[in-house]
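Below is one structure, written out as structure tokens; the observations come after it.
Laboratory data are not the source of any read-out in this text; all were calculated from the coordinates shown. Note that the structure is a prediction, hence the values are computed from the model and not measured. Every residue, glycine as well, gets a Cβ built from its backbone with ideal geometry; the counts of neighbours run over all protein chains shown.
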Amino acid sequence: MKALQKIEKVAVIGGGSWATAIVKILSEKDIMINWWLRDAESVQYIKQHGSNPRYLSHIRIDQTKVFASTDIKACIADADVVFLAVPAAFILDSLKGFTSFAPDQVWVSAVKGMIPEYNTLVTDFLVEHKGVPLTNQVILAGPCHAEEVAIEKRSYLTIAGVNEDVNKWVAELVENRFVKTSTLTDLYGVEYCAVMKNIVAIACGLARGLNYGDNFQAVLVANAMQEITRFLECQYNAVRDLNASAYLGDLLVTAYSPYSRNRNLGNLMGRGYSLKAAQMEMNMIAEGYYAVKCIHELNLSGKAVDMPITKAVYHVLYDRISPMVEMRILEDWMV
């Protein structure tokens, strides 16, 4: 790619809470933000009232900088940086009209899931199917919840990519008075962790819904970190410190926070809700639902490692096995 220039225009793809929070973060900078939302009524509401009617509606949208639209091609066309913040299951549909993108655009994946149809990471999908070089991509990782960004609580984000110059370029764009950033070159490690922490959060929610206590959850999370380590060493071994914020920190906030939609999905099912009823109650996408199937199948397709927590969540969500049965099995396995 050519030398990194001053960022003047960005695109944000997605209309959910995380996309809304990203728009707020970026609005701190003197740039133009093209914001694509699928829902025309939401776009019209934003233009009239300056807020997203469906998610984080208390965030005020600076309409001198932010321009909402349902025209995704126009939003992306001349953006220096594109932030992708739609659920992984909807990426194929959202980007179906594109076969390639401008060669110098940098893409930032704020997606915490995998493409279900391919069992592949978002970054690999963009390389293989949309022609975005890996050197032009970064991951936007936590630990960070949109709800706390919305009220400007001190937050921390990690930018991970294979090109450290691009990492720092994006990190400077994202950092502001309430968001601090750091960078890592372990793109795949950070991306896989961002996927797997949602699976663990569902397990923690199941335990909470079944009235297990903090002692059990602490052991569950500790064992989950060992499970993530085994999986990463098998899939993409590299020198990394899994105690860093982008790995352990992101896992902890997702496993323990009441804002975590994956934890809430598990909690509802642990309390006796069916999967469909829990999803309807939340009215939000829990990435862990799709992620657990991808990770489970990916693990079985290669040199399978021991992943009892992933297996338990998979059995509950896809085989309809009782959460109580699966937690009892984990009780005997964990140390």
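Lysine pair count for segment 189-333 (Cα-Cα distance under 17 Å; residues 8 or more apart in sequence or on different chains): 6. All other residues whose Cβ lies under 14 angstrom from that of H49 are scored, Lys and Arg at +1 and Asp and Glu at -1, for a net of +1. Using every pair of separate Cα atoms, the Kirkwood estimate puts the hydrodynamic radius of segment 189-333 at 14.9 angstrom. If you take the Cα centroid of segment 261-288 and the Cα centroid of segment 121-161, the two points sit 24 Å apart. Note on segment 9-185: the C-alpha convex hull projects to 9.1 nm² when averaged across all orientations. The residues packed around S155, meaning those with a beta-carbon under 13 Å from its beta-carbon, carry a net charge of -1 if Lys and Arg are +1 and Asp and Glu are -1. The H on the amide N of L184, modeled in the peptide plane, is under 5 Å from the matching H of I159, A160, G161, each at least 5 residues off or on a different chain.
Neighbour counts of other Cβ atoms within 10 Å put E148, E287 in the fewest-to-most order E148, E287. Only helical runs count toward this figure. For the chain, summing -39,500 (n - 2.57) over DSSP H runs of n ≥ 4 and dividing by all residues gives -14500 deg cm²/dmol at 222 nm. Within the chain, the whole DSSP H helices whose Cα atoms reach 24 Å or more along their own axis and whose mean Kyte-Doolittle score is at least -1.0 are 187-209, 214-235. Return the lysines within reach of K73: Cα separation strictly under 20 angstrom, same-chain partners fewer than 8 residues apart disregarded; answer none if there are no such residues. Once the sequence-local lysines are set aside, what remains near K73 is K9, K47, K65, K96, K130. With each label modelled as a point 7 angstrom along the Cα→C-beta vector, the D165-A102 pair spans 1.8 nm.
Its Cα gyration tensor gives segment 97-164 an equivalent ellipsoid; the semi-axes, largest first and in whole Å, are 25, 14, 11.
What label, among (1) 82, 45, 32; (2) 56, 42, 37; (3) 84, 38, 34, belongs to Cα extents along the principal axes in Å computed from the structure on display? The calculated read-out lines up with (2).
Would you please classify the overall shape of segment 205-254 from the alpha carbon gyration tensor, given that a ≥ b ≥ c denote the square roots of the eigenvalues, rounded means a/c under 1.5, and beyond that prolate means a/b larger than b/c while oblate covers the rest?
prolate
Order these peptides, 66-79, 100-113, by their mean beta-carbon neighbour count within 10 angstrom, highest first.
100-113, 66-79
Near V12, the amide H atoms lying under 5 Å from its own belong to N34, W35, W36, F83; only residues 5 or more places off or on other chains count, and H is placed 1.01 Å from N. In terms of its C-alpha gyration tensor, segment 160-256 comes out oblate, because a/c is 1.5 or above while a/b does not outweigh b/c.
Students often forget the sequence filter, so: which aspartates and glutamates lie under 12 Å Cα-Cα from K29 once same-chain residues fewer than 8 apart are removed? Result set, ordered by chain and number: E8, D62, E172, E175.
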